[in-house]
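Participant: Could you have a look at this structure, given as structure tokens, before my questions?
The values are calculated or read from the model by the stated rules, or taken from the named source; none is laboratory data. Just so you know, these numbers come straight off a predicted model, no measurement behind them. Quick reminder, even Gly has a Cβ in these numbers, built from the backbone with ideal geometry, and neighbours come from all protein chains shown.
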Amino acid sequence: MSRRLSFDIFCRVIDNFGDIGVCWRLARQLAHHHDVRLWVDDLHSFARIEPSVSTNLAQQTIGYVQVLHWVAHMPLPEPKQVVIEAFACDPPADFIQKMAQAGSLWINLEYLSAEPWVESFHALPSLQVSGVRKAFFFPGFTPRTGGLLRENGLAEERAAWQATPQARALLLRDLRVASTAIEAVNAGALLVMLFCYAHAPASQLLTALQASGHSAVVLVPAGVCTGLARGQHENVTVQEIPFVSQQGFDRLLWSCDLNCIRGEDSLVRALWAGKPLLWHIYPQDDDVHMIKLNAWLACSPFPEMAQQAIRQWNDANAAGFQPTMTQALQGNHWNTWKTQSARWSDTLASQPDLVTSLVDFCLKHTTKAKEP
Ligand code: TRH
């Protein structure tokens, strides 16, 4: 058992659920062995993905994580040994001064990218005016990056879940999915998760599913793709479901045959599901996101038809998406996509996970710091 460390994690919710999604997974995993305090500025977004969060408390403990509502002018406690700011979210200036006095190690957890430059920037130190030691920690898809968030025993948990089809039916029933839709899935209809941004060509996806010859049930979390009519579209049922906890979300992804996911955290979770996926990447100015998308596709083993469908799913005009996706869902294209998705999941899971790499790094750089 390695030395116990103490961590502060700062999370500022810019939009959506990815900021808190990543921080909450990180906090929960670190808290298995370490002392963790999570600062969050938006408890309402947090409560959408973690139902045990109380939105009116300044402090609360959830599992083994101490959660602070991060607001302006709050009393500032003594910093922990390691202070992680997620996505350059700027801890308060007075707190940084305290970090300098306490000798804390400061880590900026960066966004996930498969671009090749990430390997050379990962874990680089940078001297701060405050005198605090700061390092940039990059998640990534290769062993020379910080890796991906992955809990111990996740593959076993997924395998046990997938070996129990009744569990999927019960989960769908708990989410109030229509019994006719559950029966269709039990009889072999494709189960599809649709968690994307509003500009995704979702109606083209329905047409592609219709044209591919599969029956399908498409699950859409509340508030997502609000322009897409819920209900029956020929052989495809669009079923709205409520938001669920992160654990419930994982189980949904493990249960689906095709996962349309977005952002950062749900991409990683869909990779761990090992099923074909359509990534709707977070859009950035000047199409910078397409560079990120192409870098990720270049390191993926997905067949060309699937890669093209993913590019077109993200294309501003969605040109050609529907016919490509129809083909990608059929015959050898679909079978190869399924096989390669499972293989890539296993390959990525054989690499060190982000928390293991992060803790190793912190153990090396905190030997002289005070114990928690
Ligand atoms: O919600 P996202 O689009 O979030 C982000 C933010 O926009 C962020 O600013 C941006 O930088 C980043 O994307 C790239 O997508 P993401 O990252 O997949 O986060 C969604 C989280 O919500 C993830 O942790 C899974 C969780 N979730 C649940 O726990 N339950 C649910 O029912 C659903 C639908 C999602």
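Participant: Regarding segment 73-88, can at least one residue be identified that is in a helix (DSSP H, G or I), touching a residue at least 24 places away in the same chain (Cβ under 8 Å) and of a type in the set (G, A, S)?
Facilitator: no
Participant: Counting just the residues of segment 47-62 that are more than 10 Å from the ligand (Cβ to nearest atom) and touching a helix residue (DSSP H, G or I) at 6+ places or on another chain (Cβ under 6 Å), which one comes out farthest from V268 (Cα to Cα)?
Facilitator: So the residue we want is T55.
Participant: Filter segment 288-297 down to the residues that are within 14 Å of the ligand (Cβ to nearest atom) and touching a helix residue (DSSP H, G or I) at 6+ places or on another chain (Cβ under 9 Å) and list them by number.
Facilitator: Within segment 288-297, H289, L293, W296 meet the criteria.
Participant: All but one of (1) outside any loop (DSSP other than H, G, I, E, B); (2) over 21 Å from L112 (Cβ atoms) hold for F243, so report the exception by its number.
Facilitator: (1)
Participant: Next up: Could you please find all residues in segment 215-228 being more than 15 Å from A178 (Cα to Cα) and within 16 Å of the ligand (Cβ to nearest atom)?
Facilitator: A222, G223, V224, C225, T226, L228
Participant: Moving to a separate point now. Could you tell me which residue of segment 261-273 is farthest from S215 (Cα to Cα), considering only residues that are of a type outside the set (D, E, K, R), within 11 Å of the ligand (Cβ to nearest atom) and in contact with a Phe, Trp or Tyr (Cβ under 9 Å, 6 or more places away or on another chain)?
Facilitator: It comes out as G263.
Participant: For segment 169-235, list the strands (runs of 3 or more DSSP E) that sit wholly inside it and hold at least 1 residues that are modelled with pLDDT of 95 or more and under 27 Å from the mean Cα position of the chain (by Cα); which are they?
Facilitator: Qualifying strands (runs of 3 or more DSSP E): 190-194, 216-221.
Participant: While we're here: Could you check segment 10-40 and list, in sequence order, the residues that are within 11 Å of the ligand (Cβ to nearest atom) and in a loop (DSSP other than H, G, I, E, B)?
Facilitator: Within segment 10-40, R12, V13, I14, D15, N16, F17 qualify.
Participant: Test Q29 against the criterion of being among the polar types (S, T, N, Q), within 25 Å of F249 (Cβ to Cβ) and surrounded by fewer than 20 Cβ atoms within 10 Å (Cβ to Cβ), and give yes or no.
Facilitator: Answer is no for this residue.
Participant: Still on this structure, please answer the following. Name the single residue, out of those in segment 142-156 being in contact (Cβ under 8 Å) with a residue 40 or more places away in the chain and in a helix (DSSP H, G or I), that is farthest from L26 (Cα to Cα).
Facilitator: Here the answer is A155.
Participant: Consider segment 251-269. How many of its residues are in contact (Cβ under 8 Å) with a residue 60 or more places away in the chain and outside any strand (DSSP E or B)?
Facilitator: 13
Participant: May I ask you to say which residue of G231, G188, G248 is within 15 Å of the ligand (Cβ to nearest atom) and surrounded by fewer than 20 Cβ atoms within 10 Å (Cβ to Cβ)?
Facilitator: None of the other options fit; the residue is G248.
Participant: Sticking with this structure for a sec: Please verify whether segment 274-287 includes one or more residues that are more than 9 Å from the ligand (Cβ to nearest atom), closer than 17 Å to L149 by Cα, in contact (Cβ under 8 Å) with a residue 40 or more places away in the chain and part of a helix (DSSP H, G or I).
Facilitator: Within segment 274-287, none of the residues are more than 9 Å from the ligand (Cβ to nearest atom), closer than 17 Å to L149 by Cα, in contact (Cβ under 8 Å) with a residue 40 or more places away in the chain and part of a helix (DSSP H, G or I).
Participant: Could you figure out which of (1) polar (S, T, N, Q); (2) within 30 Å of A159 (Cβ to Cβ); (3) away from the ligand (no atom under 16 Å from the Cβ); (4) free of Cβ contacts under 8 Å to residues at least 60 places away in the same chain isn't true of S212?
Facilitator: (4)
Participant: Could you tell me whether V67 is closer than 22 Å to A31 by Cβ and under 22 Å from the mean Cα position of the chain (by Cα)?
Facilitator: yes
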